[in-house]
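Participant: Here it is, the structure in full.
Any read-out appearing in this document is the output of simple, stated calculations on the displayed coordinates, not a laboratory observation. Here the structure is a predicted model, which is why all the values come from computation and not from measurement. For neighbour counting, all protein chains shown are included, and Cβ atoms are generated from backbone atoms with ideal geometry for every residue, glycine included.
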Amino acid sequence: MALATEERKRLEEKAHELRSLCVDTVVWAGSGHIGGSMSAMDIMTILYHKYMRIDPKQPAMPGRDRFILSKGHIGVGYAPVLADLGYFDKELLKEYNHTGSPLGMHLDSKKVTGVEASTGSLGHGLAIGLGMALGARIKGESWKTYVLLGDGECDEGAIWESAMAAAHFKATNLVTIVDRNRCMIDGPTEEVMALEPFADKWRAFGFEVIQADGHDFDSLAAALDKAALAEDKPVVILADTIKGCGIDFIAGDYKWHYGGFDGEKTAKAKESLARYREARLAASGAKGAK
Amino acid sequence: MSGMTFTMLDATKMSTAEIYGKTLCDLGDEHPEIVGLSADLAKSTKIGMFGEKFPKRFFNVGIAEQNMFGMAAGLAKTGLVPYVSTFAVFTSMRALDQVHTDICYQNLDVKMIATHAGLSFGQAGTTHHCTEDIAIMRSMANMTVIVPADGIETAHAVRAAYDRKGPVYIRINRGFDQTVYETPDYGFELGKAVTMHEGSDLTLIACGATVWRALEAARMLEKVDGLKVRVLNMHTIKPIDAEAIEKAVKETRRIITVEDHTTIGGLGSAVAEVAAGTGKSFSFKRLGIPDCFSIIGLHEDLLAHYGIDENGIAASVREMMGKDFEADENWEDEV
């Protein structure tokens, strides 16, 4: 079902705020994984602001939905999402990467409230998420586990071990989402290590594949609604995204996997994000008018 | 022993892994939050006994150890207590990134019962020998490392692992182990070495399969050579019983460690780390597998080959006793 106009607008505004806060965080941190943060931001926004059953005031609430950021290197993108929700003081973002700060490049679940698993070594998140989903099943609990994978991360063999097991154990309470931004550190995914036919690989491993536009909230909502109906097979949402989405001078450029912004670049990034917000809102308004 | 549903006599008829499987079944009755995982080695490791008894609480993940340890971390995060079993070589090396990052870093309640350790799967060849795991596992922060000497001690360790918060690595052998205890009520305490034989001339510090051999060597040396050799069963490698080591250094001044493991980084190194801090001079030797990939053969033969069977241990004791190191003019008693 398409989103209501107001809800779509709310999500657009929130995603813009979070992108902007992520740029600030990169500046405070000195540098960070800006490209992959921007590609994943709409996915994290819709999960945390529409789909997940959470209460930032009770971060350990037993029935909460779980989110595992398997592409753990985008801490500079994820920490702003959590801080903005009130899991911890936003002021802490200003100390990101500083010696002794709880916030570093890869977030530590023991130090950062709201983070469900310490990730960073790629290929681990799906197994952890699967364990959580099966734990919920054993305990007869109804919460869901969402795992966000990077596409380059899917080169790791461990991902496919977990995929095989998720299908074997019929983990329908696990929702896997791939941030398909088609870039990795050394170049485009299809040049460094080809993933295509990517959807077919997931299907062959026993998944139901849902394609989505990772920068369109209606498309993501339709995918997540469909994922909630999984009965027999686990679901993977392949979300097509753009690395660096919203910042024109880095968008689509694999070289911006990791980097820092000086004053001039920060201003340019903010201007670009403002233009991107306008464009998204205009597109969103047009949809609403349909 | 509390909760044990078998006798010493039964224990002598069961392989160490069977005792583990049976103990885990008993624990599973007591604690519904215990779950089991294996990677196509449910039968070999005997965790399959738990799987048969509690099929809804057991996952055989196929030959995929990385996924298994990651899943165990996820299960532990929901408040369950996973016992995970595969061969020691796969636990400590194949899936080490998951053990390190998913389990130890997050200090999760995952109990790893690793079988076929050391040279106990001797005929399987070097790919299935595991002579580095103690060194690897004790270097992981938050990890507890236990190397039981026999089946009864394995039962104690498997139970103690449940009560110990955080990750626990228990290293057991393939097949049968010689029984080193006459009664199960010898007072097993995690982190506390057991004095198996009293002595003041020299101390043998052993773990796992070498405890029985060290004990046999001490008995033989007492009868034949009149030597009083102390034998410590250092079943817990981490946290190590520093007090027992310091006492042995001060009272016997000669220490030989014996392990079915490389001499680099294992029991011998752990003992050396403590002993070196005593400020006492002492004579010291580490017995184990030297810096090499082990040869193929029967466990018993391999232990003899590397000088860690009773005869090899006795020979090392005699050699050290024959050295008049105290006459050395550089010998400094106290630092």
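Participant: So what's the stretch A:130-210 giving for Rg/Rh, alpha carbon basis, Kirkwood Rh from the mean inverse pair distance?
Facilitator: A ratio of 1.02.
Participant: Of the listed peptides B:160-170, A:193-203, A:248-258, what is their order by residue-averaged count of other C-beta atoms within 10 Å, with the highest listed first? Write out the running numbers ahead of the final one.
Facilitator: Values: B:160-170: 21.1, A:193-203: 14.5, A:248-258: 17.3.
Ranked by mean Cβ neighbours within 10 Å, highest first: B:160-170, A:248-258, A:193-203.
Participant: Which pairs break 28 Å Cα to Cα here: A:110/A:233; B:223/B:323; A:90/A:139? Kindly include the intermediate steps, with their values, before the conclusion.
Facilitator: Working: A:110/A:233 33 Å; B:223/B:323 21 Å; A:90/A:139 35 Å.
Checking Cα-Cα distances, A:110/A:233; A:90/A:139 exceed 28 Å.
Participant: Of A:286, B:205, A:138, which is farthest along the charge dipole of the protein assembly as shown in the positive direction, counting Lys and Arg as +1 and Asp and Glu as -1 at C-beta?
Facilitator: The listed residue farthest towards the positive side: A:286.
Participant: Now, a different point. Taking a cut-off of 20 Å, what percent of all Cα-Cα pairs in the stretch A:208-290 are separated by more than that?
Facilitator: On the way: 1710 of 3403 pairs.
Pairs farther apart than 20 Å: 50 percent.
Participant: Shifting gears a bit: Considering only DSSP beta bridges with both partners in the stretch B:8-171, what is the antiparallel share in %, to the nearest 5?
Facilitator: Values: 1 of 19 bridges.
Here the antiparallel bridges make up roughly 5 percent for the stretch B:8-171.
Participant: Evaluate the distance, in nm, between pseudo-label points positioned 7 Å from the Cα of residue A:60 and of residue A:193 along their respective Cα→Cβ axes.
Facilitator: Taking the two extended label points, one gets 3.8 nm.
Participant: Further question: First check a/c for the stretch B:194-324, with a ≥ b ≥ c the square roots of the eigenvalues of its C-alpha gyration tensor; if it is under 1.5, answer rounded, and if not, answer prolate when a/b is larger than b/c or oblate otherwise.
Facilitator: Values: a/c = 1.62, a/b = 1.17, b/c = 1.38.
Judged from the Cα gyration tensor, the stretch B:194-324 comes out oblate (a/c at least 1.5, b/c at or above a/b).
Participant: Just check the stretch B:8-171 against the gyration tensor rule for me: Cα atoms, a ≥ b ≥ c as the square roots of the eigenvalues, rounded for a/c under 1.5, and otherwise prolate or oblate depending on whether a/b exceeds b/c. Write out the running numbers ahead of the final one.
Facilitator: Numbers: a/c = 1.33, a/b = 1.03, b/c = 1.28.
Because its axes are fairly even, with a/c under 1.5, the stretch B:8-171 counts as rounded.
Participant: Okay, moving on. What longest region of chain B stays clear of GluC sites (Glu not before Pro) that DSSP places outside H, G, I, E and B and that have at most 15 other Cβ atoms within 10 Å? Walk me through the numbers on the way to the answer.
Facilitator: Details: sites that count: B:182, B:189, B:198, B:329, B:332.
In short, B:1-181.
Participant: Can you give the calculated 222 nm mean residue ellipticity of chain B, where each DSSP H run of n ≥ 4 adds -39,500 (n - 2.57) and the sum is split over every residue, rounded to the nearest 500 deg cm²/dmol?
Facilitator: Values: 12 runs with 119 residues, N = 335.
-10500 deg cm²/dmol, from helical runs alone.
Participant: Counting helices only, and only those DSSP H runs with n ≥ 4, report the 222 nm mean residue ellipticity of chain A as the sum of -39,500 (n - 2.57) divided by its residues, in deg cm²/dmol to the nearest 500.
Facilitator: On the way: 9 runs with 125 residues, N = 290.
Per the formula, -14000 deg cm²/dmol.
Participant: On average, how many beta carbons from a partner chain sit within 10 Å of the beta carbon of a residue in B:87-100? Before the final figure, lay out each step's value.
Facilitator: Numbers: counts 0, 0, 0, 0, 0, 0, 0, 0, 2, 0, 5, 6, 0, 1.
Shielding by partners across B:87-100 averages 1.
Participant: Would you mind getting the Kirkwood hydrodynamic radius of the stretch B:79-182 from its Cα pairs, rounded to one decimal in Å? Intermediate values should be presented prior to the final figure.
Facilitator: Numbers: mean 1/r = 0.0725 Å⁻¹.
Taking the inverse mean of 1/r over all distinct Cα pairs, the stretch B:79-182 comes out at 13.8 Å.
Participant: Explain nothing, just the number: dipole magnitude of the stretch B:194-324 about its Cα centre with +1 on each Lys and Arg Cβ and -1 on each Asp and Glu Cβ, in debye rounded to the nearest 20.
Facilitator: Numbers: 15 positive and 19 negative charges, 83 e Å.
Its charge dipole is roughly 400 debye.
Participant: Enumerate the whole-percent occupancy of each 20 Å bin, from 0 to the last occupied one, for all C-alpha pair distances of the protein assembly as shown.
Facilitator: Histogram of Cα-Cα distances, whole percents per bin: 19, 43, 27, 10, 1.
Participant: A further question on this structure: Calculate the radius of gyration of the Cα atoms of the stretch A:5-289 to one decimal place, then report Dmax, the largest Cα-Cα distance, as a whole number, both in Å.
Facilitator: For the stretch A:5-289, the Cα radius of gyration and maximum Cα-Cα distance read 17.7, 54 Å.
Participant: Turning to a different aspect of this structure: What's the center-to-center distance, using Cα atoms, between the stretch A:127-148 and the stretch A:181-251 in Å?
Facilitator: Spelled out, the Cα-based centre of one part sits 21 Å from the other.
Participant: What fraction of the DSSP beta bridges in the protein assembly as shown is antiparallel, stated in percent and rounded to the nearest 5? Let's see the in-between values first.
Facilitator: Values: 10 of 65 bridges.
Here the antiparallel bridges make up roughly 15 percent for the protein assembly as shown.
Participant: Follow-up. Based on the Kirkwood radius over alpha-carbon pairs, what value in µm²/s does the Stokes-Einstein equation return for the translational diffusion coefficient of chain B at 20 °C and 1.002 mPa s?
Facilitator: Estimated via Stokes-Einstein, D reaches 107 µm²/s.
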